[in-house]
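Chemist: Take a look at the following structure, please.
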Amino acid sequence: MEQVGYIEAQANLDAVFAALADPTRRAILSRLANGDASVNEIAAPFEISQPAVSKHLKVLERAGLIERGVDEQRRPAKLKAAKMAAAVDWLSEFEAFWKTSFDQLDDVLVRMKQTEAKE
């Protein structure tokens, strides 16, 4: 059975999760959550070169997590949350599983404490 739109959605999620897999890119996204920033502003707290930051920005841009504008001589980056929201939506499909697993873990821990108290 073929799922309509599945391949495209999967490719988008793959790009988002691949972009989010790197801690530097996650830090860049956190910075951009506070507002638009130039490459120099983004690079300031990192011990990596501006070209390296630019490469990270390209990955984030290809994943659809940021967009880059043109403002005179700078190209400020701006956070785009829609693709990230799609990843959150996908992860939320597993919420029932997580809750059940945590409930089962709670039951095990309660039983272990009861056993320890009896001993």
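The values are calculated or read from the model by the stated rules, or taken from the named source; none is laboratory data. Quick caveat, the model's predicted, so the values are computed rather than measured. Cβ: placed from backbone, ideal geometry, glycine included. Neighbour counts: every protein chain shown.
Chemist: Where the second residue is at pLDDT 95 or above and not hydrophobic (A, V, I, L, M, F, W, C) and the first is within 17 Å of A15 (Cα to Cα) and assigned to a helix (DSSP H, G or I) and lies in the stretch 50-69, which pairs have Cβ atoms under 9 Å and are six or more apart or on separate chains?
Modeler: These pairs meet every condition: H56/D22; H56/T24; H56/R25; L57/R25; V59/D22; V59/R25; L60/R25.
Chemist: Given R25, R31, which one is assigned to a helix (DSSP H, G or I), in contact with a Leu (Cβ under 8 Å, 6 or more places away or on another chain) and not acidic (D, E)?
Modeler: From the options R25, R31, the qualifying one is R25.
Chemist: Another question, then. When the residues of the stretch 63-119 are filtered to those that are within 23 Å of the chain's Cα centre (by Cα) and of a type in the set (V, I, T), which remaining residue is modelled with the lowest pLDDT?
Modeler: V88
Chemist: Within the stretch 73-83, is even one residue free of Cβ contacts under 8 Å to residues at least 12 places away in the same chain and either in contact with a Pro (Cβ under 8 Å, 6 or more places away or on another chain) or not in a loop (DSSP other than H, G, I, E, B) (or both)?
Modeler: No, the stretch 73-83 has no match at all.
Chemist: Continuing with the same structure: Could we say that D14 is of a type outside the set (A, V, I, L, M, F, W, C) and under 17 Å from the mean Cα position of the chain (by Cα) here?
Modeler: It is true that D14 is of a type outside the set (A, V, I, L, M, F, W, C) and under 17 Å from the mean Cα position of the chain (by Cα).
Chemist: Looking at (1) surrounded by 11 or more Cβ atoms within 10 Å (Cβ to Cβ); (2) among the basic types (K, R); (3) farther than 28 Å from D14 by Cα, which one does K118 not meet, given that it meets all the others?
Modeler: All conditions are met except number (1).
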